[in-house]
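J.: A single structure is presented below for examination.
The values are calculated or read from the model by the stated rules, or taken from the named source; none is laboratory data. As the structure is a prediction and not an experimental result, all values here were calculated from the model. Please note: Cβ atoms are built from the backbone with ideal geometry, for glycine as well, and neighbour counts cover all protein chains shown.
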Amino acid sequence: MGFSDLEGRLHALDYDKKFIIGSEDNLTFDGSSIRGFTAQKESDLRLQVDWTTFRWLPADLFGAGKVLVFANVCDKDGGLFSADFRAQLMSLTEELREKENIVVNVAPEIEGFLFKGEKAEQVFDEKIGFELATMSGYFSSLPQDTLRLFIDKFAEAKRALAFQNEKDHPEVAPAQFELNFRYSVALDTADQIQIYKLLARQVAKSMGFTASFLPKPIQGLNGSGMHTNISLAQDGKNIFYDKSGENNMSDIARRFITGVLYYAKDLCLLTSSSVNAYRRLDPAFEAPNEIKVTATDRGSMVRIPIGN
């Protein structure tokens, strides 16, 4: 059973299937062991299983009979815990759907690097740095290249977990990858992002490599980002789209973008919450380093897609 901490790390607890079915209303854990949750003097928190997230895990990667479900963190009284972002997202999107009949659709584009050796981040030597699994990249990767083999195996694992794969490819930097999957409602997509990273690391480990999602692991190469495509739907219709609008955008879409730009500096505390993340924002490496919106410039914070 998985849940996330304040910084987005995935944590997992293993339960016996007979136990969890009989005790799902009484699952607790030590919240003081999770960074940013509770102090030792008030440590215990509860877990509320979200059975709609139930997934069988591929046996060749995780072992036979393993399943994964996500949980919301709850306080001692059973109410949703204020520091659990998944629970907050669930509440916000449910409120928006109930009051406005609006659904938030999200599709991420998650980039990462493939490094030689297992646990490369844990055994990192600053004098040596990371060793790329291959020198092949965007348009220079042959079908049986190490990176291609990793991507193919990763894509199969995703399909086994019901991701709707759209495309997968090496990225600009050597040994960099990106696998895109179809949009879903915001909460489901948030879970899929965690599963994506878990799968990438598990597949890489099975091949003797490390999948890393550090924003800027190697100086002089493109960093790894996560473009997040967002749209709002009302009654099944994309209300960001207007055929007659500039760049096919509706007034609602423009107001939405205005809100993002207005709170841009606050949002950066979440989207670029480390020194390493800010090192990625170098205009020489296709990174968004300007608070503006455009349909073409890859250096802008908000970009309007020309297709779809």
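J.: Out of the residues in segment 239-267 that are over 22 Å from the mean Cα position of the chain (by Cα) and hydroxyl-bearing (Ser, Thr, Tyr), which is nearest to residue 291 (Cα to Cα)?
T.: For segment 239-267, the residue satisfying everything is 262.
J.: Within segment 39-66, count every residue that is surrounded by fewer than 12 Cβ atoms within 10 Å (Cβ to Cβ) and either under 20 Å from the mean Cα position of the chain (by Cα) or assigned by TED's automatic domain parsing to the domain that holds residue 161 (or both).
T.: Within segment 39-66, residues that are surrounded by fewer than 12 Cβ atoms within 10 Å (Cβ to Cβ) and either under 20 Å from the mean Cα position of the chain (by Cα) or assigned by TED's automatic domain parsing to the domain that holds residue 161 (or both) number 2.
J.: For residue 16, indicate whether it is loosely packed, with under 12 Cβ neighbours inside 10 Å and outside the structural domain of residue 272 (by TED's automatic domain parsing).
T.: yes
J.: Only residues in segment 22-37 that are free of Cβ contacts under 8 Å to residues at least 60 places away in the same chain count as the first member; pair them with residues that are of a type in the set (Gly, Ala, Ser), Cβ under 7 angstrom, at least 6 apart or cross-chain, and list the lot.
T.: That search, which allows pairs on different chains as well, returns 30/43; 31/43; 32/39; 32/43; 36/83; 37/31; 37/83.
J.: Considering segment 199-227 alone, what residues qualify as being in a strand (DSSP E or B), at pLDDT 95 or above and out of contact with any Lys or Arg (no Cβ under 8 Å at 6 or more places or on another chain)?
T.: 212
J.: I'm trying to understand the selection: among the residues of segment 57-82, which are aromatic (Phe, Trp, Tyr) and in contact (Cβ under 8 Å) with a residue 60 or more places away in the chain?
T.: Passing the criteria: 62, 70.
J.: Same structure, new question: Condition test on residue 261, is it under 28 Å from residue 283 (Cα atoms) and not acidic (Asp, Glu)?
T.: yes
J.: Can you pull out every residue in segment 1-47 that is closer than 16 Å to residue 68 by Cβ and outside any loop (DSSP other than H, G, I, E, B)?
T.: Across segment 1-47, the qualifying residues are 2, 3, 4, 10, 11, 12, 17, 20, 21, 24, 27, 47.
J.: Looking for something free of Cβ contacts under 8 Å to residues at least 60 places away in the same chain and surrounded by fewer than 17 Cβ atoms within 10 Å (Cβ to Cβ) - is there at least one such residue anywhere in segment 220-230?
T.: yes
J.: Consider segment 90-124. How many of its residues are of a type in the set (A, V, I, L, M, F, W, C), assigned to a helix (DSSP H, G or I) and touching a strand residue (DSSP E or B) at 6+ places or on another chain (Cβ under 8 Å)?
T.: Qualifying residue count for the region: 2.
J.: Let me ask something else. Name the residue, out of 170, 143, 174, that is more than 28 Å from residue 70 (Cα to Cα) and without any contact (Cβ under 8 Å) to a residue 12 or more places away in the chain.
T.: The unique qualifying residue is 143.
J.: Among (1) free of Cβ contacts under 8 Å to residues at least 40 places away in the same chain; (2) among the charged types (D, E, K, R); (3) surrounded by 13 or more Cβ atoms within 10 Å (Cβ to Cβ), there is one condition residue 246 misses while meeting the rest; what is its number?
T.: Here residue 246 clears every test but (3).
J.: Among the residues of segment 66-89, how many are under 24 Å from residue 20 (Cβ atoms), in a loop (DSSP other than H, G, I, E, B) and out of contact with any Phe, Trp or Tyr (no Cβ under 9 Å at 6 or more places or on another chain)?
T.: Residues meeting the conditions: 4.
J.: Any idea which of (1) touching an Asp or Glu at 6+ places or on another chain (Cβ under 8 Å); (2) surrounded by 14 or more Cβ atoms within 10 Å (Cβ to Cβ); (3) not hydroxyl-bearing (Ser, Thr, Tyr) is the one residue 240 doesn't satisfy?
T.: Unmet condition: (1).
J.: Let me ask another. What is the residue count in segment 141-184 for residues that are over 16 Å from residue 107 (Cβ atoms) and basic (Lys, Arg)?
T.: Matching residues across segment 141-184 total 3.
J.: Would you mind telling me which numbered condition in (1) of a type outside the set (Ser, Thr, Tyr); (2) without any contact (Cβ under 8 Å) to a residue 24 or more places away in the chain; (3) outside any helix (DSSP H, G or I) residue 159 fails?
T.: Against the list (1) of a type outside the set (Ser, Thr, Tyr); (2) without any contact (Cβ under 8 Å) to a residue 24 or more places away in the chain; (3) outside any helix (DSSP H, G or I), residue 159 comes up short only on (3).
J.: Inside segment 67-79, can you point out the residues that are surrounded by 16 or more Cβ atoms within 10 Å (Cβ to Cβ) and not charged (D, E, K, R)?
T.: 68, 69, 70, 71, 72, 73, 74
J.: Could you tell me which of the residues 112, 36 is in the same structural domain as residue 172 (by TED's automatic domain parsing) and closer than 29 Å to residue 268 by Cβ?
T.: 112
J.: Can you give me the number of residues within segment 287-302 that are touching a residue at least 40 places away in the same chain (Cβ under 8 Å) and surrounded by 15 or more Cβ atoms within 10 Å (Cβ to Cβ)?
T.: Here the count works out to 4.
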